[in-house]
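Okay, so here's the structure we're looking at.
The values are calculated or read from the model by the stated rules, or taken from the named source; none is laboratory data. Please read these numbers as outputs of a predicted model, since none were measured by experiment. Heads up, the Cβs are rebuilt from the backbone with ideal geometry, glycines too, and the neighbour counts pull from every protein chain shown. Surface areas here come from the heavy atoms of the whole protein model, side chains and all, with no ligands, DNA or RNA. Shrake-Rupley method; radii C 1.70, N 1.55, O 1.52, S 1.80 Å.
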Amino acid sequence: YIVRVLPGMADIYGNKIQIEYSWDFKTGEKYPNASLIIPQTLIYRAKGEQTFFFQYTNLDSARIELFALTADEFIRLQRGDVSYQDFSPKSQSLRTWNPNLAVDPNSEQNAEYDLKDSTDVPLAPGYYFLGVNAEPFDYASNFLQGATIIVATDNLTLKNTESESLVWLTDLETG
């Protein structure tokens, strides 16, 4: 950008500029960004589409990993006994994604990833953890961001009053 203040311009007191003032500047790079675009807990149908989105800008490196969770690990994360960033998976990573970083700088990227394996098999019913690590961020935790995933075949709806409760169980495929 070039900014020019031309002769004759007056300040609030009526003093006029006698000579031109000019300077140039360049805007800086956008701040780096790395973010799973999903709620804290995502629920998928076992036989439905299982994809998620990752949004990023100006990263040096990025890795997204999927881990299976035990019911106990899932409950600990949901209760807040351990933070998503500090969670330390006990299992090996099931899948890993590395976003394409060879893109135009300062352009926001949106990547969609499928949770299916390399043979196109979707995740089995269960609990999962999705964790993101990326640079150039400064963090001492295990993950920059994390989220839990439930793959289910059924859905429970609970309605209650002061004296009654109703639980409604439906199959996610047939309703």
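For the range 1-90, which GluC sites (Glu not before Pro) pass both filters: DSSP loop (anything but H, G, I, E, B) and at most 15 other C-beta atoms within 10 Å?
GLU20, GLU29, GLU49
For the range 81-145, what class follows from the C-alpha gyration tensor (a ≥ b ≥ c being the square roots of its eigenvalues): rounded when a/c is under 1.5, otherwise prolate if a/b is larger than b/c, else oblate?
oblate
Relative contact order of the range 50-140: what whole-number percent is it, with Cα pairs under 8 angstrom and at least 6 residues apart?
Result for the range 50-140 is 53 percent.
Give a quick list of trypsin sites (Lys or Arg not before Pro) in the range 1-109 that DSSP marks as loop, anything other than H, G, I, E or B, with at most 13 other Cβ atoms within 10 Å.
Listed in order of number, the matching sites are LYS26, LYS30, LYS47, LYS90.
If you place +1 on the Cβ of every Lys and Arg and -1 on the Cβ of every Asp and Glu, how big does the dipole about the Cα centre of the chain come out, in debye to the nearest 20?
Once rounded to the nearest 20, the dipole reads 220 debye.
Rounded to the nearest 10 Å², what accessible area does SER163 have for a 1.4 Å probe in the complete protein model?
About 100 Å², ignoring ligands and nucleic acids.
Which entry is the computed mean projected area of the Cα convex hull in nm² for this structure: (i) 14.5; (ii) 19.5; (iii) 16.8?
Working out mean projected area of the Cα convex hull in nm² from the coordinates points to (ii).
With a/c under 1.5 counting as rounded, go ahead and sort the range 101-175 into rounded, prolate or oblate using the C-alpha gyration tensor (a ≥ b ≥ c being the square roots of the eigenvalues; past the cut-off, prolate if a/b is larger than b/c, else oblate).
In terms of gyration-tensor shape, prolate.
What full-extension length gain, to one decimal in nm, is calculated for GLN40 and LEU166 as 0.36 nm per residue of separation minus the Cα-Cα distance?
42.7 nm
Can you give me the relative contact order of the range 1-98 as a percent, contacts being Cα pairs under 8 Å and 6 or more apart?
It rounds to 21 percent for the range 1-98.
Can you tell me the order of 112-118, 130-136 when each peptide is scored by its average per-residue count of other Cβ atoms within 10 angstrom, highest first?
Result, highest mean Cβ count within 10 Å first: 130-136, 112-118.
The range 1-99: which chymotrypsin sites (Phe, Trp or Tyr not before Pro) are DSSP loop and have at most 10 other beta-carbon atoms within 10 angstrom?
TYR1, TYR13, PHE25
Of all the accessible heavy-atom surface of the chain, with the other protein chains kept in place and a 1.4 Å probe, what percent is carbon and sulfur?
Carbon and sulfur atoms account for 50 percent of the accessible area of the chain.
If you put +1 on each Lys and Arg Cβ and -1 on each Asp and Glu Cβ, how big is the dipole of the range 1-64 around its Cα centre, in Debye rounded to 20?
340 debye
Evaluate E = 1/(1 + (r/R0)^6) for GLU29 and ARG63, where r is the Cβ-Cβ distance and R0 equals 30 Å; express this FRET efficiency to the nearest 0.05.
Efficiency computed from Cβ-Cβ geometry: 0.85.
If you take the charge dipole of the range 23-175 about its Cα centre, with +1 on Lys and Arg Cβ and -1 on Asp and Glu Cβ, which of PRO122, THR174, SER88 is farthest toward its positive end?
Value computed over the given set: SER88.
Using a 7 Å offset from Cα along Cα-Cβ at LYS159, what residues in the range 32-54 end up with backbone N under 14 Å from the label point?
none
Per DSSP helix of 4 or more residues, -39500 (n - 2.57); summed, then divided by the residues of the chain. What does that give at 222 nm, rounded to the nearest 500?
-1500 deg cm²/dmol
Quick one: work out Rg over Rh on the C-alpha atoms of the range 1-64, Rh as Kirkwood radius.
1.47
Whose amide H sits under 5 Å from the amide H of LEU172, counting only residues 5 or more places off or on another chain, with H placed in the peptide plane?
Close amide H contacts, sequence-distant or interchain: ASP154, ASN155.
In percent, how large is the relative contact order of the chain, given Cα pairs closer than 8 Å and 6 or more residues apart?
25 percent
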